[in-house]
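These notes are about the structure you will find just below.
We did not get these values from a lab; they are worked out from the coordinates using the rules stated. It should be emphasised that the depicted structure is a prediction, and the values quoted were computed from it without experimental measurement. As a convention, Cβ positions derive from the backbone with ideal geometry for all residues, glycine included, and neighbour counts pool all protein chains shown.
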Amino acid sequence: MDLTDLMFTLYPYAKSLHIMAVLSWMAGLFYLPRLFVYHVEQAQKYEQIQPIFVTMEQKLLKLIMRPASIVAWAAGLFMVFTPGIVDWSYVWPWTKGASVLAMTWFHHWLIRRQAAFATGENKLTGRQYRLMNEVPTLLMVIIVVSVVFKF
């Protein structure tokens, strides 16, 4: 069995793993900005709640989002490099790729925001975090439409 045959054999496993990892990653991308909203709005009312929010945010990032994003990327790259799977003459792989890069940027933006909360340097409001909570939704729509319709 050559490498191409092996990649074709492993492709359904990589695709399944990719879908599960993306679901986990997206759950974190949706939930963390919402936690930031509550953090901003409730920490002002209850001083002792600040460390609880920081711990929740750190654990979500480190235990769920980071591993899920790494697995999503690894499985996704495996699929991209499987010969004959992606036709680069279409637009969809480029729109999906750009959206995944934007999603990764958003993930790292969230990491920086969490660090600002942990050091007491957050400057954004609950409203701003509510608006940023729409970013992963928009990216998800672009990715799903790109992959399903393959335009």
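Can you tell me which residue is farthest from residue 55 (Cα to Cα) among those in the stretch 120-140 that are of a type outside the set (A, V, I, L, M, F, W, C) and outside any helix (DSSP H, G or I)?
So the first thing to find is which residues in the stretch 120-140 are of a type outside the set (A, V, I, L, M, F, W, C), and the list is 120-123, 125-130, 133-134, 136-137.
The next check asks that each one be outside any helix (DSSP H, G or I); those that pass are 120-123, 125, 133-134.
Values: 120: 14, 121: 16, 122: 16, 123: 19, 125: 20, 133: 20, 134: 24 Å.
Looking at residues that are of a type outside the set (A, V, I, L, M, F, W, C) and outside any helix (DSSP H, G or I), I get 134.
Give me the residue from the stretch 120-147 that is free of Cβ contacts under 8 Å to residues at least 12 places away in the same chain and among the hydrophobic types (A, V, I, L, M, F, W, C) and, out of that set, farthest from residue 90 (Cα to Cα).
Filtering first and then ranking leaves 131.
When the stretch 58-83 is examined, which residues are found to be closer than 14 Å to residue 13 by Cα and not in a helix (DSSP H, G or I)?
Once the filter is applied, which keeps residues that are closer than 14 Å to residue 13 by Cα and not in a helix (DSSP H, G or I), the stretch 58-83 yields only 82.
Is it the case that residue 29 is part of a helix (DSSP H, G or I), under 14 Å from residue 136 (Cβ atoms), more than 12 Å from the chain's Cα centre (by Cα) and touching a residue at least 24 places away in the same chain (Cβ under 8 Å)?
Values: part of a helix (DSSP H, G or I): yes; under 14 Å from residue 136 (Cβ atoms): yes; more than 12 Å from the chain's Cα centre (by Cα): no; touching a residue at least 24 places away in the same chain (Cβ under 8 Å): yes.
No, not satisfied.
Can residue 62 be described as farther than 23 Å from residue 143 by Cα and either without any contact (Cβ under 8 Å) to a residue 60 or more places away in the chain or buried (at least 17 other Cβ atoms within 10 Å of the Cβ) (or both)? Talk me through it step by step, then tell me what you get.
Numbers: farther than 23 Å from residue 143 by Cα: yes; either without any contact (Cβ under 8 Å) to a residue 60 or more places away in the chain or buried (at least 17 other Cβ atoms within 10 Å of the Cβ) (or both): yes.
Yes.
Please find, among 91, 100, 80, the residue that is of a type in the set (Val, Ile, Thr) and surrounded by 16 or more Cβ atoms within 10 Å (Cβ to Cβ). If you could, list the steps in order and put the result at the bottom.
On the way: 91 fails: surrounded by 16 or more Cβ atoms within 10 Å (Cβ to Cβ); 80 fails: surrounded by 16 or more Cβ atoms within 10 Å (Cβ to Cβ).
Result of the check over 91, 100, 80: 100.
Return yes or no: is residue 117 assigned to a helix (DSSP H, G or I), touching a residue at least 40 places away in the same chain (Cβ under 8 Å), closer than 22 Å to residue 35 by Cα and more than 14 Å from the chain's Cα centre (by Cα)? So that I can check it myself, show each step before the final result.
Details: assigned to a helix (DSSP H, G or I): yes; touching a residue at least 40 places away in the same chain (Cβ under 8 Å): yes; closer than 22 Å to residue 35 by Cα: yes; more than 14 Å from the chain's Cα centre (by Cα): yes.
Here the answer is yes, as residue 117 does meet what is asked.
Please go through the stretch 28-55 and pick out each residue that is under 17 Å from residue 109 (Cα atoms) and of a type in the set (A, V, I, L, M, F, W, C).
Step one: filter the stretch 28-55 for residues under 17 Å from residue 109 (Cα atoms), giving 28-37, 39-40, 54.
29, 30, 32, 35, 36, 37, 40, 54, listed by residue number.
Among the numbered conditions (1) loosely packed, with under 15 Cβ neighbours inside 10 Å; (2) under 21 Å from residue 29 (Cβ atoms); (3) in contact (Cβ under 8 Å) with a residue 12 or more places away in the chain; (4) charged (D, E, K, R), tell me where residue 150 comes up short.
Among (1) loosely packed, with under 15 Cβ neighbours inside 10 Å; (2) under 21 Å from residue 29 (Cβ atoms); (3) in contact (Cβ under 8 Å) with a residue 12 or more places away in the chain; (4) charged (D, E, K, R), residue 150 violates only (2).
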